[in-house]
Each structure stands twice: as C-alpha cells, then as structure tokens.
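The values are calculated or read from the model by the stated rules, or taken from the named source; none is laboratory data. Fair warning: this is a prediction, and the values are worked out from it, not measured in the lab. Glycine also receives a Cβ, built like all others from the backbone with ideal geometry; neighbour counts cover every protein chain displayed.
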Amino acid sequence: MKISSWLSSVIPLISYYNPKFYAEIFLIYVTGRSKKWLLLHDDYLLNSYQIKSLKKCIDRLCIGEPVCYIVKECEFWSLSLMLNNYVFIPRPETEILVEKLLNMLPINYNGKILELGTGSGAISLAIAKERPSSNIIAIDSSINSIRLAKYNSMLLKLNNISFFLSDWYFIFDSIKFEYIISNPPYLSINDIDCNNSLKFEPYNALFSKHDGIYDIEFIINNSSKYLYNNGWLLLEHGYNQKKIVQDIFYENNFINIFTFKDYHGHDRVTLGMKY
Ligand code: GLN
C-alpha cells in the first residue's frame, strides 16, 4: 500500500484527534524516515509489516493511549527521551522544577545533587546537560525505570549521573548532598478519572497515600540527614498541596521556603533551605 493511500484510509478513523499530526508521527516511527523524506515520497510502498505496525498504532491511539507510549519517545527540556509504560510521561510543568534548580547553580557547578524517583531520568538528564560538571545521583525504586534512565543517559552521552535502585533514601548512609530534587508521586486516589490517560501510566509513580501527601512528607521529614547545612530541597507537588507542603517544610526547620506556579498558574514547586 502506498503512503498516500494509507493516509486517506486512516484519516477518517482518527478525525477526532489531529489526524495529519498523528498519521505523520506514526509514519516516522514505523518507517524510520524523516518527515521531509515522507513528504517527498508519498508513493513509497509500505510493506505488510509496516502496515500492521501502523494499524497497531492507530488502535492504541483510538483507545486513548498517550502517543508518547505508542512511539516510545517524548520530549523534555528539548531532549528526546526514550519512554516505556514502566515510567510516567514527563510533564511540561516539571520543567519549572528543573528551571528553579538551574537558577541556583552557576554554570560550572561541580557539587552533588540527588534526584529521588527519576522515572525516565528526565530531571537529572536536563540538569546534567545544563551543568556538565555537576555530580548527580538519581534513584528509583523500579529496576525498569533505572534501566530506561541509564539507557537515556547513554543515548544523550551524559556521563555525570549515576543511577541506583533505591526506595527513597534507603541505600544511603552517611552521604550528604547540596541539593535534593524530586517529582514524587503526589496524586490522591480521588484524582483517578477512569476516562483519562493516567490509566496507562504506572500507578505507583503517580499516586501516594494520605491524599497524595505520604511520599512528599517522607521525603521532607528524612531529608535533613542527607543535606548539608544550607542545602536545598526542591519538590514538585499537586496544585492544592502548597499549604501542607510548606507546613511540612516549616515543621522540619527549613527556611527560605517559596512556592512557584506552573504555566497554568497552579502552585506546583516548593523549595526550602536546610538551616
Ligand atoms: N503531574 C502529574 C499529573 O498531574 C503527576 C506527577 C506526579 O505525581 N509526580 O498527572
């Protein structure tokens, strides 16, 4: 089947979405060709394997699966990252978290940063790219996430991150960091909406007990032991968690506590300094 015929057969099927956009993404994924090449060769003959793969992509899109999972790739901080269903899809608002940390780090920063719950590696990879002399340790409690994040760092040729399997601070003993950063699970079970795409993402990476605050509380309550004095803890959290997150920071004697909004105007990132 020619690309042009495939396009005309598939566009009505996905007219609910942005059909040209998705058809193009899937063609690039399945043929391994560039967008430009595909435009110039719309009489290219797709083989039966490619047609089957394209059909699978369309079927998955039609049941609401996020396109990043279908093509196993996403973009974060202008980095192209490999993705799979073991990790959640990095969100644009997490770039605020990255931005806030970068604002505190001189360009030649060579200190130690810990990322808790790295998932695809997005946050650490962005920081490693922008601060090549920094020394980053990224942990996750999922071996599949660690494998993927390591693979991403290899593809991006970033050598200043070490990845470890750990349940939060579990593997650390006497090590201290200047910065700890995390986008932990913070959604509440009440945020589950069966119609949305969250159902394709790993539950444990998104949802936390006690109305979504359990992991955030654990991370703040235990951070002192792993932060130098004047070290910073930076956390992403839910749009309605500013007060509770700030209270936990205060209870742990942090100072300089600030909350920042995301691109939608929602409170999203809180940071504080260990005193
Ligand atoms: N920001 C994500 C969402 O709202 C949740 C990410 C998380 O729990 N860390 O879907």
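Is one or more of the residues making up the range 198-213 within 18 Å of residue 256 (Cβ to Cβ), without any contact (Cβ under 8 Å) to a residue 60 or more places away in the chain and either part of a loop (DSSP other than H, G, I, E, B) or within 11 Å of the ligand (Cβ to nearest atom) (or both)? Looking through the range 198-213, none of the residues is within 18 Å of residue 256 (Cβ to Cβ), without any contact (Cβ under 8 Å) to a residue 60 or more places away in the chain and either part of a loop (DSSP other than H, G, I, E, B) or within 11 Å of the ligand (Cβ to nearest atom) (or both).
Listed by first and then second residue, the pairs linking a residue in the range 128-144 that is within 15 Å of residue 104 (Cα to Cα) and of a type in the set (Gly, Ala, Ser) to a residue that is surrounded by fewer than 15 Cβ atoms within 10 Å (Cβ to Cβ) and modelled with pLDDT of 95 or more, with Cβ atoms under 8 Å apart and 6 or more places separating them unless they lie on different chains, are 133/108; 133/110; 134/110. The criterion of at least 2 residues that are farther than 28 Å from residue 220 by Cα is met, among strands (runs of 3 or more DSSP E) falling completely within the range 71-119, by 73-76, 79-82.
Selection of the range 227-265 for residues being touching a Lys or Arg at 6+ places or on another chain (Cβ under 9 Å), surrounded by fewer than 21 Cβ atoms within 10 Å (Cβ to Cβ) and not in a strand (DSSP E or B) yields 238, 239, 242, 252, 253, 262. Count of the range 168-195 residues, restricted to those that are more than 16 Å from the ligand (Cβ to nearest atom) and either over 19 Å from residue 94 (Cβ atoms) or among the hydrophobic types (A, V, I, L, M, F, W, C) (or both), is 10. Remark: pairs (first residue in the range 176-191, without any contact (Cβ under 8 Å) to a residue 60 or more places away in the chain; second residue within 15 Å of the ligand (Cβ to nearest atom) and among the aromatic types (Phe, Trp, Tyr); Cβ separation under 6 Å; 6+ apart in sequence or on different chains) = 187/207.
Looking only at residues of the range 27-47 that are in contact (Cβ under 8 Å) with a residue 40 or more places away in the chain and of a type in the set (D, E, K, R), we find that the one that is nearest to residue 72 (Cα to Cα) is 42.
Considering only the range 163-192, how many residues are part of a strand (DSSP E or B) and in contact with a Phe, Trp or Tyr (Cβ under 8 Å, 6 or more places away or on another chain)? Reasoning before the result, please.
First, pick out the residues of the range 163-192 that are part of a strand (DSSP E or B): 163-165, 177-182, 187.
Checking the rest, the ones that are also in contact with a Phe, Trp or Tyr (Cβ under 8 Å, 6 or more places away or on another chain) come to 177-180, 187.
The qualifying residues number 5.
The set of residues in the range 184-221 being β-branched (Val, Ile, Thr), crowded, with 17+ Cβ neighbours inside 10 Å and under 20 Å from the mean Cα position of the chain (by Cα) consists of 213, 216, 219.
Total residues in the range 215-226 satisfying the condition of being without any contact (Cβ under 8 Å) to a residue 60 or more places away in the chain, in a helix (DSSP H, G or I) and more than 12 Å from the ligand (Cβ to nearest atom): the figure is 6. Restrict the check to the range 123-137 and report whether at least one residue is crowded, with 19+ Cβ neighbours inside 10 Å, within 16 Å of the ligand (Cβ to nearest atom) and assigned to a loop (DSSP other than H, G, I, E, B). Checked the range 123-137: no residue is crowded, with 19+ Cβ neighbours inside 10 Å, within 16 Å of the ligand (Cβ to nearest atom) and assigned to a loop (DSSP other than H, G, I, E, B).
Considering 162, 174, 224, which residue is surrounded by fewer than 19 Cβ atoms within 10 Å (Cβ to Cβ) and modelled with pLDDT under 95?
174
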